[in-house]
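The values are calculated or read from the model by the stated rules, or taken from the named source; none is laboratory data. Because the structure is a prediction, the values reported are computed rather than measured. Cβ placement follows ideal geometry from the backbone for every residue including glycine, while neighbour counts extend to all protein chains displayed. The accessibility values were calculated without ligands, DNA or RNA, using every heavy atom of the protein model including side chains. Shrake-Rupley method; radii C 1.70, N 1.55, O 1.52, S 1.80 Å.
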Amino acid sequence: MQNCYTHRREKIRQKLEKENLQALLVSYPTNRFYLSGFELHDGQCNESSGHILIQQNGKDILFTDSRFLEVAKTLWQEENIFIYQNQVEDIRLYLKNNVQGKIGVETTTISHNFYEQLSQGLTLEPAEELVEELRIIKDEAEIQAIKESVTINHKIFQWLPSIFKEGMSEADIAFKIEMFFRENGATENSFPPIVAINQNAARPHHLPSQETKLFENCHILIDVGARFHNYCSDQTRTFWFGNKIDPKFQEMLDQVKEAQEEAIKILAPDLPCNEAHLKAVEVFKKYGVEKAFSHSLGHGVGLDVHEEPRLSTRSKKKLEPNMIVTVEPGLYYADYGGIRWEYMVRITENGYEIL
């Protein structure tokens, strides 16, 4: 596995030369992990496990504090580990004494205060998306990990109807989902489970409630994801609980599934991402319900549950082989509820593969 991190850093080095940067300071936790295997999650929003310095001269440095030294030594040559006391000031002095020229920084993932302190006496330049441009295309090991994660999701959707009981709360179901993931091979959830009954399902990112409970003949939207070998899955299904399916529910479900099917059919290399979204909208317009589709069609999935590419009206990025995206059209009505149906799809050399 170490070879894959080394290979990725070499690709960044090639980008530095093209961008006329002597080095890149990597601060976003997911990017840091992608290039080193070190610490996918930082503990808190106001605390960093460290940074990686990728240099044109080949000497890459892992900056961290003493709490992480032993872990860092298992992944990185000790002579290239820099332990700081005062994070920003110590890193700034190291850069000032060791890097001559422009240094790229991930300005969207560090605070303004961090940037202001770091920039004193240095030539910094925003360098967004350099790592993300690599992450967007998955290698075979990444694809396999994501497929394993999706397999756990499929198991949970097969299992869920068997546990539905009248009087169960959204929060009860969410807790059982988290337990199922751990008991079936996931290391954690990709994100807290979304469990939404009836009107709550009109909120795409509803937080499960202890007060809202299952009752005979209602619908329930469940959006879940597992993390397996550090890679995420993300899928949604909407179920009917009871023996008498509401015709409105069935109509909405049919429309959502049709929009998803038609959008997936056109997925292929070189397709602009916004065209996939517009294809789903085209289906909804046929039924006069397009205003009830309130979010983008999908997004990339990998180490992060939401990453590039985005299947949205704003993105004209073109799809490429081994991108992995969600396709998740939905319809939402505040007085009724919502339905979403989500697949994960890999772009292949000449089309797509539903995972």
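How many residues are open to solvent by 30 Å² or more (accessible area, probe 1.4 Å), within 23 Å of I136 (Cα to Cα) and of a type outside the set (S, T, N, Q) when one looks only at segment 230-267? Residues flagged as open to solvent by 30 Å² or more (accessible area, probe 1.4 Å), within 23 Å of I136 (Cα to Cα) and of a type outside the set (S, T, N, Q) within segment 230-267 amount to 2.
When segment 320-355 is limited to residues that are outside any strand (DSSP E or B) and either without any contact (Cβ under 8 Å) to a residue 24 or more places away in the chain or within 17 Å of the chain's Cα centre (by Cα) (or both), the one that is surrounded by the fewest Cβ atoms within 10 Å (Cβ to Cβ) turns out to be N322.
For segment 128-142, a residue qualifies if it is open to solvent by 60 Å² or more (accessible area, probe 1.4 Å) and part of a helix (DSSP H, G or I), and the qualifying residues are E133, E140, A141. When we screen Y5, Y28 for residues that are at pLDDT 90 or above and either open to solvent by less than 50 Å² (accessible area, probe 1.4 Å) or of a type in the set (A, V, I, L, M, F, W, C) (or both), the only hit is Y5. Give segment 1-46 a look and list any residue that's in contact with a Leu (Cβ under 7 Å, 6 or more places away or on another chain), among the charged types (D, E, K, R) and over 20 Å from C232 (Cβ atoms), or say none. Once the filter is applied, which keeps residues that are in contact with a Leu (Cβ under 7 Å, 6 or more places away or on another chain), among the charged types (D, E, K, R) and over 20 Å from C232 (Cβ atoms), segment 1-46 yields R9, K11, K15. Restricting segment 184-197 to residues that are touching a His at 6+ places or on another chain (Cβ under 9 Å) and buried (at least 19 other Cβ atoms within 10 Å of the Cβ), the residue that is nearest to S149 (Cα to Cα) is I194. Here D270 passes the criteria (1) more than 17 Å from the chain's Cα centre (by Cα); (2) open to solvent by less than 60 Å² (accessible area, probe 1.4 Å); (3) at positive phi except the one numbered (2).
For segment 273-296, a tally of residues being farther than 25 Å from D139 by Cβ, within 18 Å of the chain's Cα centre (by Cα) and free of Cβ contacts under 8 Å to residues at least 60 places away in the same chain returns 1.
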